[in-house]
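The values are calculated or read from the model by the stated rules, or taken from the named source; none is laboratory data. Values in this document were obtained by computation on a predicted structure and should not be read as measured data. Here the Cβ is made from the backbone with ideal geometry for all residues, glycine too, and neighbour counts use every protein chain on show. What goes into the accessible areas is simple: the full protein's heavy atoms, side chains included, and nothing from ligands, DNA or RNA. Shrake-Rupley method; radii C 1.70, N 1.55, O 1.52, S 1.80 Å.
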Amino acid sequence: MKRLSFLAALLAASAAPLAAQTVAITGGTVALGDGSEPIPGGTVVIRDGKIAGAGLNIAIPRGAEIIDARGKWVTPGIVAGFSRLGISEVDLSADGSTDDRAQNSPFSAALDIAPAINPMQTTIAVNRADGVTRAVVAPNIGRNIFGGQGALMDLGADRDPVTRARLFQFVEFGERGAGAAGGSRPATYAMFRNALREARELSRFAVSRGGRAETQEDPVVRDPNESRLIGPNVNRSEDIMLTRFDAAALVPVLQGRQYLMIHVEAANDILNVIKLKREFPTIRPIMVGVTEGWTVAGEIAASGIPVIASAVNDLPASFEMLAATQSNVGRMRDAGVNVAIGMIDDNDTRYLFNQRQYAANLVALGKVPGAAGVSWGEALALITSRPAQVIGMGGKIGSLNTGAAGDVVIWSGDPLELASATEAVWIDGVRQPLESRQTKLRDRYQRLDRSALPEAYRR
Amino acid sequence: MGGCATTKKEGPPPIRINQDPYPSTYHRYSGAVTAIRGATVFDGEGAQFENGTVVLADGVVQAVGDASTPIPEGAVIVDAAGKWVTPGIIDVHSHLGDYPSPGTDGNDDGNEATAPARPDVWAEHSVWPQDPGFARALANGGVTSLQILPGSANLFGGRSVVLKNVPARTMQGMKFPGAPYGLKMACGENPKRVYGNKGGPATRMGNIATTRATWLKAQEYKRKWDRYEKNGGEMPSRDLAMDTLRGVLNGEILVHNHCYRADEMAIMIDLSHEMGYKITSFQHAVEAYKIADLLAANGTCAAMWADWWGFKMESYDGIKENIPFVDRAGGCAIVHSDDPNGIQRLNQEAAKALADGRRAGHNVTDAYAWRWLSYNPAKSLGIADKTGSLKTGKMADVVLWNGNPFSTYTRPERVWIDGALMYDANNPRLRPVSDFELGQPGEGDVK
């Protein structure tokens, strides 16, 4: 009963504001998220769920709700460049609450994370309250190097979290990939090449989808992976390693219609990915992790492969991270790499809110001789527009540019300072609740004096 | 002759057991007489000096005060206008050296997970002084002392060791002179998970039963040895596990109890009363805010994260106001890391807790909040008379920050340990490079 009434209260609380409003936020320090420096005294207008304008001299639509943000900062919502948000509630010894990996499934690449994303998970409300509005969600690998198909989600308090399903296929190279492939990097590459060849074989029989991006379709009604199996001749060679579903799922990867997100850390692995791109020119890789990226930054930049890097990894935590330094992101940027910040293998389930702390720490590096930092504007971009660009959503999310999703945060001060807090959050133009289990627990235990009834009656 | 009846000899006089068989060989490195002036100074106990002066000489703090503080002739003068000076940060919960980088199986020395009660193991015997993490904690975190704990797989994990964060060839070369030993205890999920399929305990009640039974043995051991040390006679057999527990019962070894949930912490407090020892600190203490009054009443410190939560069931009720709420109740609040990355940003973790606390109505000054990072940790380790605040005569463990240390934009600029300059951001030669990192990619780089 208690659980039911809690849910009912939550729904009641979020029922009222679930419509997109026309809002004009005026007088605040506006940071667009595109790398530019903040604009004092700016205006941000959200209309029909999108940004209608941001900056100076922005016309305020008639009938708009006007919010005075003088003394505050206004930015796009934070984009988690890499996460396992919404697919794992409690990681350890709480099996039923996690969907991030399928260790015992016969399937791998075919797995689609979208249905696992549960917008009611407490991890989402906690991060939303801290200004995170979108997140790249990747499955973890299970039985082989392929984790399955990841998604882009929004953190709105509603039942519809998926922005783009099947945006990318996730694959582990490097140490973890080697382990999953059988124990060595050569095993990884053999498995990978074999998998893409199986996909190639299958793709010859695939039904043409008329070039339309498959990621847009409803997976329930017509799953494009499965529809690929209904060709005139889907016989396969006998020498196969992947299930039919897995091979079919790699067809869009091979054809470059779905990103291939590859986790690598070591310089050598990074260079191998660049070579793979030459072998399979149609694939569209994104590298995540990339701790040693700075040592081969020129090669990455020349390859054009975008990167989502962990921001402040600076320990030789493993032999694939020996060259780890907090200057990695700054040096890659300086070399022309298209780089964003994510939190791969770094509290990627529930601490995405710390991206702004890490981004700020990269600004701090600017004062350390020998280190490579980034400007303030770039730091904000690293956690807003850059991850959006890397996943092909540039201009659509992660900035206050006109036409982008109405994901906006008002902060009490500089958003990269930990003393600052969110004061209001919109996602797709919808004002969001900032309550969470944590804030409710905080309020319950604000006072410890004995009252007439136990704490359980305090809500 | 009349006294014979009352001083009846049972045998030879008692043999004195060496309580310190692996003694510290740490010596302070030489430091110039130094005056840091013009900075905002937090003394670590709550006081703040604007345009302050801190004088270091002979390894100790000579003076802390305002601009009128006299500067000794010939002192190296550090112009710190616009910067901040604080005591060095002390992390009471680290596994550096025991779970070093790289984290390979061959380096994995943090949990003696072979029986649920192993108070006989000493974390110091696992410490690899070449762990690159020590230098990161120094250069990026301003950490000058730290407690290395064994892990929490066991109900009794073993003895901790307190280190000064100086590079050394041996663990003893880092060992904090005169710091008491700690005993790591654990309750809750970890012992259950590790031993559930290895003969137990498999439940929380099993945890408590094994813990109590172990203490009963320790009490018997203590009685035997107390009698022997008083009267002599035949020496009872030595038991390393029981030696440690006897040290706790004698008040010489401090208990640091890994425990998350409020209800379990309350049980552990009662258990300590039952067995006759004191819990110096709860480690992780995610639900400390629910029993902040109880912790304050028992004088038990709570070492906490600013925002870690939810990674297991016993951390599910974490809130961001935990640290300030413990402080508000009059308790001893400590920011800890338990993490080789987190230890590099403890100042920022405190900044989060400070900001969340202020928003919840706990208005303390920045200078006061530094207690969570140096003085309270020192107190819980039994070394507050030696370090943890900038008081005349205490060890000159000092950080010069290039801005407000509660800002994300701030970095340590220089770090002194016992008055010796051990890190200087502007001098690449004052950046330690461990043996492991020599000849590896990125050797000597800023990290």
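So that you can scan it fast, the table gives a plain yes or no per residue for (1) open to solvent by 20 Å² or more (accessible area, probe 1.4 Å); (2) without any contact (Cβ under 8 Å) to a residue 24 or more places away in the chain; (3) among the hydroxyl-bearing types (Ser, Thr, Tyr):
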residue	(1), (2), (3)
A:286	no, no, no
A:289	no, no, no
A:295	yes, no, yes
A:300	no, no, no
A:304	yes, no, no
A:307	no, no, no
A:310	no, no, yes
Contacts under 6 angstrom Cβ, first residue in the stretch A:170-187 being on the phi > 0 side of the Ramachandran plot, partner open to solvent by less than 10 Å² (accessible area, probe 1.4 Å) and part of a loop (DSSP other than H, G, I, E, B), 6 or more apart: A:174/A:265
Single unsatisfied condition, residue B:424 versus (1) closer than 21 Å to residue B:28 by Cα; (2) at the interface with another protein chain (Cβ under 9 Å from one of its Cβ atoms); (3) not hydroxyl-bearing (Ser, Thr, Tyr): (2)
Filtered residues of the stretch B:102-133 (kept if within 14 Å of chain A (Cβ to nearest Cβ), under 30 Å from residue B:424 (Cβ atoms) and surrounded by fewer than 22 Cβ atoms within 10 Å (Cβ to Cβ)): B:102, B:103, B:107, B:128, B:130
Residue tally, condition open to solvent by less than 10 Å² (accessible area, probe 1.4 Å) and within 9 Å of another protein chain (Cβ to nearest Cβ), over the stretch B:265-305: 2
Entirely in the stretch A:142-241, the helices (runs of 4 or more DSSP H) that have 2 or more residues that are at pLDDT 60 or above and out of contact with any strand residue (DSSP E or B) (no Cβ under 6 Å at 6 or more places or on another chain): A:174-181, A:185-203
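Yes/no matrix, rows are residues, columns are (1) of a type outside the set (Phe, Trp, Tyr); (2) surrounded by 21 or more Cβ atoms within 10 Å (Cβ to Cβ); (3) within 14 Å of chain A (Cβ to nearest Cβ):
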residue	(1), (2), (3)
B:406	no, yes, yes
B:413	yes, yes, yes
B:417	yes, yes, no
B:420	yes, no, no
B:428	yes, no, yes
B:431	yes, no, yes
B:436	no, no, yes
B:439	yes, no, yes
Filter result (touching a helix residue (DSSP H, G or I) at 6+ places or on another chain (Cβ under 7 Å) and hydrophobic (A, V, I, L, M, F, W, C)) within the stretch B:109-127: B:113, B:117
Options A:372, A:379, A:335: the member that is open to solvent by less than 10 Å² (accessible area, probe 1.4 Å) and either at pLDDT 95 or above or polar (S, T, N, Q) (or both): A:379
Failed item in (1) under 19 Å from residue B:258 (Cα atoms); (2) more than 7 Å from chain A (Cβ to nearest Cβ); (3) part of a loop (DSSP other than H, G, I, E, B); (4) of a type outside the set (Asp, Glu), with residue B:364 passing the rest: (1)
Which listed residue is open to solvent by less than 20 Å² (accessible area, probe 1.4 Å) and either touching a Phe, Trp or Tyr at 6+ places or on another chain (Cβ under 6 Å) or without any contact (Cβ under 8 Å) to a residue 40 or more places away in the chain (or both), from A:23, A:45, A:30: A:45
Any hit, the stretch B:166-180, residues being surrounded by fewer than 24 Cβ atoms within 10 Å (Cβ to Cβ), charged (D, E, K, R) and not in a loop (DSSP other than H, G, I, E, B): yes
Residues of the stretch B:134-151 that turn out to be open to solvent by 10 Å² or more (accessible area, probe 1.4 Å) and either part of a loop (DSSP other than H, G, I, E, B) or more than 14 Å from every other protein chain (Cβ to nearest Cβ) (or both), as a count: 1
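Each row is one residue, and each column tells you yes or no for (1) more than 14 Å from chain B (Cβ to nearest Cβ); (2) surrounded by fewer than 24 Cβ atoms within 10 Å (Cβ to Cβ); (3) not polar (S, T, N, Q).
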residue	(1), (2), (3)
A:91	no, yes, yes
A:97	no, yes, no
A:103	yes, yes, no
A:115	yes, yes, yes
A:135	yes, no, yes
Residue ID - nearest to residue A:34 (Cα to Cα), chosen from residues in the stretch A:346-376 that are in a helix (DSSP H, G or I) and of a type in the set (D, E, K, R): A:356
Residues (away from every other protein chain (no Cβ under 14 Å) and surrounded by fewer than 20 Cβ atoms within 10 Å (Cβ to Cβ)) located in the stretch A:390-416: A:392, A:394, A:395, A:396, A:401, A:402, A:403
Matching residues, the stretch A:420-459, being more than 10 Å from chain B (Cβ to nearest Cβ), without any contact (Cβ under 8 Å) to a residue 60 or more places away in the chain and of a type in the set (Ser, Thr, Tyr): A:451, A:457
Residues within the stretch B:321-338 that are closer than 24 Å to residue B:95 by Cα and at the interface with another protein chain (Cβ under 10 Å from one of its Cβ atoms), tallied: 1
Candidates B:365, B:392, filtered to the one that is at pLDDT 95 or above, open to solvent by 20 Å² or more (accessible area, probe 1.4 Å), among the hydroxyl-bearing types (Ser, Thr, Tyr) and farther than 28 Å from residue B:168 by Cα: B:365
Matching residues, the stretch B:315-347, being outside any loop (DSSP other than H, G, I, E, B) and either open to solvent by 10 Å² or more (accessible area, probe 1.4 Å) or of a type in the set (Asp, Glu) (or both): B:327, B:328, B:342, B:345
Set B:447, B:391: member being in a loop (DSSP other than H, G, I, E, B), more than 16 Å from the chain's Cα centre (by Cα) and within 11 Å of chain A (Cβ to nearest Cβ): B:447
Single match in B:109, B:131, B:98 (criterion: assigned to a loop (DSSP other than H, G, I, E, B), modelled with pLDDT of 95 or more and farther than 27 Å from residue B:375 by Cβ): B:109
Yes/no for residue A:133 being out of contact with any Asp or Glu (no Cβ under 6 Å at 6 or more places or on another chain) and among the hydroxyl-bearing types (Ser, Thr, Tyr): no
Of residues in the stretch A:56-89 being in contact (Cβ under 8 Å) with a residue 40 or more places away in the chain, among the charged types (D, E, K, R) and open to solvent by 30 Å² or more (accessible area, probe 1.4 Å), the one farthest from the other protein chains (Cβ to nearest Cβ): A:65
Residues located in the stretch A:271-284, provided they are open to solvent by less than 40 Å² (accessible area, probe 1.4 Å) and over 20 Å from residue A:175 (Cβ atoms): A:280, A:283
Qualifying residue in the stretch B:186-208 (condition: open to solvent by less than 40 Å² (accessible area, probe 1.4 Å), assigned to a loop (DSSP other than H, G, I, E, B) and within 25 Å of residue B:238 (Cα to Cα)): no
